[in-house]
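Structure, as structure tokens:
The values are calculated or read from the model by the stated rules, or taken from the named source; none is laboratory data. In this text, all values refer to a predicted model and were calculated from it rather than measured experimentally. When we count neighbours, we look across all protein chains shown, and the Cβ atoms used for this are built from the backbone with ideal geometry, even at glycine. Keep in mind that these areas ignore ligands, DNA and RNA; they rest on the heavy atoms of the full protein, side chains included. Shrake-Rupley method; radii C 1.70, N 1.55, O 1.52, S 1.80 Å.
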Number of protein chains: 2
Amino acid sequence: MNHHPQYPVITISREFGSGGHSIAQQLAQLLEIPFYDENIITQVAKASGYTKEFIAETGESMSKAKRLVNDFLLSNAPGFDNPQDVIFAAQKKVILAAAQSPCVIVGRCGDYILKQAGIAACHVLIYADDQQRAAYIEKKYGQTDVPIEKRLRDKDKQRKTYYQHYTGQAWGNYRNYHLCLDSGYLGAQRAAQLLFAFIKTLANA
Amino acid sequence: MNHHPQYPVITISREFGSGGHSIAQQLAQLLEIPFYDENIITQVAKASGYTKEFIAETGESMSKAKRLVNDFLLSNAPGFDNPQDVIFAAQKKVILAAAQSPCVIVGRCGDYILKQAGIAACHVLIYADDQQRAAYIEKKYGQTDVPIEKRLRDKDKQRKTYYQHYTGQAWGNYRNYHLCLDSGYLGAQRAAQLLFAFIKTLANA
């Protein structure tokens, strides 16, 4: 039984060090809907087994012809045996299943995966300026031998590369989101509350 | 007497056809603070006379040396006799004066002008997808001989060129704003109300 049919599925993309993960978690708690982050999505995918059967699209709506093509692609796609591609395909399947009812999904190209599948969702981007992100990272992960600035740059690059690889799109175009929010300006708690108000406004349409 | 010292100065940048002008106006009404758009800013600048005396920075905080440099630049800068540059300089002066107390400023590179002057403000971007913008433009301005898509493209290009010319920055980087909002997703009225909630949240910090 779904108690919040009026809430949309929400994807949250975030910059490293913006606190977006924690804000997304707070938002899910405020809305009382499930929260999916990379860890959870990967756990579900693992528990389901990284098998071709699990990964393959087997929706009832899929035509026999499309299923044949799909099976062919699964068995012949170059790079499909690349562990990262297998993991991505399994995560995608978990995201599509999760999005059957209201939930909050963080990262993992959730925005793109749902758009491609034609599933309506509310897409949010959370960011902050470099100074705020550096302070957040230092507080959360502590100092290492690598300067904070370099850790920021490396992680930004890694996320952008990942997103671009799996979506074919550049990361960071505001037009991909319904709302983009500077969490450093508001602070994490008020950012979560503003998002809560945003989603409630949507739900009361 | 300023009745709303807790509200920030708010700049609203917007895409053509996003309804951002009308949303900004509603926001100013909700907050009960002054609203400045291109027309008003230009009227104030005109009424003040497009004179070098009006345009020159004459703040008391300006050192004599800086004032001399400023006067020199005003009298010698290439292109300063370009009417558009004179108008921009006069508009800038009006924006800086307006930003001495809480208000809503639409367009005219207000975000950049205030940042350069070190004046704290809340910067908002309003956009919408092309389909929503086309519908808005057709409803507001009617059809012309020029297809809607071309009118969108031309106006987008014109605004981007203007912004880039006077700020030296590319237009449309979400990092230049504290909040970016898809008005087509929420609808104009709810967009204004969400911004109202956002500003009130800030003010109650």
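Quick look at the numbers
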read-out	value
Rough spin-label spacing in nm, given labels placed 7 Å along Cα→Cβ, for B:A197 and B:Q131	2.5 nm
Residue-level accessible surface for B:E138, protein heavy atoms, 1.4 Å, Å²	80 Å²
Per-copy distances of the B:Q169 label point, shortest first, in nm (7 angstrom along Cα→Cβ)	2.4
Other copies of B:D154: label-to-label distances in nm, shortest first, labels 7 Å along the beta-carbon direction	5.2
Solvent-accessible surface ranking, highest first, for A:L30, A:L125 at 1.4 angstrom	A:L30, A:L125
Calculated label separations, B:T42, copies of the chain, 7 Å along the beta-carbon direction, nm	5.6
Tensor-based shape of region A:120-205 (alpha-carbon gyration tensor, a/c under 1.5 rounded, otherwise prolate or oblate)	oblate
